[in-house]
Amino acid sequence: MRLDKFHGIIPAFYACYDDEGNISEARTKDLGQYLYEKGVQGVYVGGSSGECIYHSLDERKAALSYAAKHLKGKMTLIAHVGAPSTRDSIALAKHAAELGYDALSAIPPIYFKLPDSAVLKYWSEIIDATPLDFIIYNIPQTTGYTLTTSLFEKLLENKKVIGVKNSSMPTMDIERFKKTGGDNVIVFNGPDEQFVAGRIMGADAGIGGTYGAMPELFLQANRFVQEGKFQEARLLQSEINDIIIALCSLNGSMYAGIKEVLRRRGVNIGSVRGPLEGISSEDGGRIDNIIVMIDQTIQRFCR
Ligand SMILES: CC(=O)N[C@@H]([C@@H](O)[C@H](O)[C@H](O)CO)[C@@H](O)CC(=O)C(=O)O
């Protein structure tokens, strides 16, 4: 079926930098290979975890190009193309279409608070710019804009709109979007801390910013849900949440912590771009503990 390729665990792909902080093709390839070998369904390139908000248009195009070059044919590729202006968003959308991405996605307009009519026009112009399918990105805590079911319904009138990546915290939002869209629409869980709850409330799949640090655990949580093993899924989610809380308690940003976890696993993708903060010397020992937590949870749940 048309939407099957989007089901499963889809890590939000991290920005991969060289030692000077430039977007790195070689490191993009390494992260892509690592995630491929873990067995994820696809990647979501250039979103929040991709630090898109801190990149120039050319850097964003490069990040999309490198991921496609090394991952196309191996997994499902979703390009996040939301940018401050409609013009830049369309340029990214066309670029992603040329690269052969499977779908586009975009946050709503940011900075100015715009009415629904402007938001609808923004998303519609991106959708009309290419033949690709489109996934709405609802993330009110960072954009300040909350997608309503009525606007969702209106967007679904365009058959290229295949679903929503919902990162708002209430799992009821997932339930409402699923009820509105039905079986022909895919709803992605956004908040990793409630992946299991989101799946049970109707999310078909997940796109998440911490999956890359512990893909085994999210793949296993997804399997538990598929198999109806809800008690195991709940217990695993609880361990995952301890790990996320530990990652969010570092002096450096959560992404800097995740990148250090990956570096110690042999996948060096550099650090983060300011104003995100890198890890501090005090974070070193905390990251040792986080790695132990991840490994112990893998041993306990993924046998
Ligand atoms: C607000 C936020 O950043 N949400 C993240 C979560 O994956 C989040 O990092 C995670 O739940 C930890 O809080 C994702 O929804 C973002 C994401 O998938 C992306 O990188 O585009």
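List of remarks:
- Test result for Ile135, part of a strand (DSSP E or B) and under 26 Å from Gln41 (Cα atoms): yes
- Just one of (1) more than 27 Å from Ala91 (Cα to Cα); (2) surrounded by 24 or more Cβ atoms within 10 Å (Cβ to Cβ) fails for Gly39. It is (2).
- For segment 198-210, filtered to residues that are touching a Lys or Arg at 6+ places or on another chain (Cβ under 9 Å) and within 26 Å of Val45 (Cβ to Cβ), the residue that is nearest to the ligand (Cβ to nearest atom) is Ile207.
- Subset tally (residues that are within 16 Å of the ligand (Cβ to nearest atom) and not in a strand (DSSP E or B)) for segment 8-47: 13
- Test result for Val225, more than 12 Å from the ligand (Cβ to nearest atom) and either assigned to a helix (DSSP H, G or I) or surrounded by fewer than 22 Cβ atoms within 10 Å (Cβ to Cβ) (or both): yes
- The residues of segment 127-153 that are within 16 Å of the ligand (Cβ to nearest atom) and open to solvent by less than 60 Å² (accessible area, probe 1.4 Å), listed by number, are Phe134, Ile135, Ile136, Tyr137, Asn138, Ile139, Pro140, Thr143, Gly144, Tyr145, Leu147.
Every residue, every condition in (1) within 12 Å of the ligand (Cβ to nearest atom); (2) touching a residue at least 24 places away in the same chain (Cβ under 8 Å), yes or no:
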{"residue": "Gly182", "(1), (2)": "no, no"}
{"residue": "Asp192", "(1), (2)": "yes, yes"}
{"residue": "Pro215", "(1), (2)": "no, yes"}
{"residue": "Phe218", "(1), (2)": "yes, yes"}
{"residue": "Arg234", "(1), (2)": "no, yes"}
{"residue": "Ile240", "(1), (2)": "yes, yes"}
{"residue": "Ile243", "(1), (2)": "yes, yes"}
{"residue": "Val261", "(1), (2)": "no, yes"}
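- Pairs where the first residue, in segment 47-61, is on the phi > 0 side of the Ramachandran plot and the second is of a type outside the set (A, V, I, L, M, F, W, C) and more than 13 Å from the ligand (Cβ to nearest atom), C-beta under 6 Å, 6+ apart: Glu51/Arg273
- Qualifying residue in segment 105-113 (condition: surrounded by 18 or more Cβ atoms within 10 Å (Cβ to Cβ), assigned to a loop (DSSP other than H, G, I, E, B) and not β-branched (Val, Ile, Thr)): yes
- Index of the failed condition, Ala63 passing every other in (1) open to solvent by 40 Å² or more (accessible area, probe 1.4 Å); (2) within 13 Å of the ligand (Cβ to nearest atom); (3) assigned to a helix (DSSP H, G or I): (1)
- Residues that are more than 22 Å from the chain's Cα centre (by Cα), in a loop (DSSP other than H, G, I, E, B) and hydrophobic (A, V, I, L, M, F, W, C) occur in segment 292-302; there is at least one.
- The residues of segment 154-195 that are among the aliphatic types (A, V, I, L, M) and surrounded by fewer than 18 Cβ atoms within 10 Å (Cβ to Cβ), listed by number, are Met169, Met172.
- Within the set Ile245, Ile200, the sole residue that is within 25 Å of Ile136 (Cβ to Cβ), surrounded by fewer than 19 Cβ atoms within 10 Å (Cβ to Cβ) and out of contact with any strand residue (DSSP E or B) (no Cβ under 9 Å at 6 or more places or on another chain) turns out to be Ile200.
- Residues that are touching a helix residue (DSSP H, G or I) at 6+ places or on another chain (Cβ under 7 Å) and of a type in the set (Ser, Thr, Tyr), drawn from segment 37-56: Ser48, Ser49
- Pairs meeting the criteria (first residue in segment 136-158 and under 15 Å from Gly82 (Cα atoms), second residue open to solvent by 50 Å² or more (accessible area, probe 1.4 Å) and away from the ligand (no atom under 14 Å from the Cβ), beta carbons under 9 Å, at least 6 apart or on different chains) are Gly144/Tyr111; Gly144/Lys113; Tyr145/Lys113; Tyr145/Leu114.
- Of the numbered criteria (1) under 20 Å from the mean Cα position of the chain (by Cα); (2) free of Cβ contacts under 8 Å to residues at least 24 places away in the same chain, the one Asp173 fails is (2).
- Selection from segment 48-60 of residues that are more than 10 Å from the ligand (Cβ to nearest atom) and in a loop (DSSP other than H, G, I, E, B): His55, Ser56
The values are calculated or read from the model by the stated rules, or taken from the named source; none is laboratory data. Keep in mind it's a predicted model, so treat the numbers as computed, not measured. Don't worry about glycine lacking a Cβ; one is built from the backbone with ideal geometry, like all the others, and counts go over all protein chains shown. Heavy atoms of the whole protein, side chains included, go into the accessibility calculation; ligands, DNA and RNA do not. Shrake-Rupley method; radii C 1.70, N 1.55, O 1.52, S 1.80 Å.
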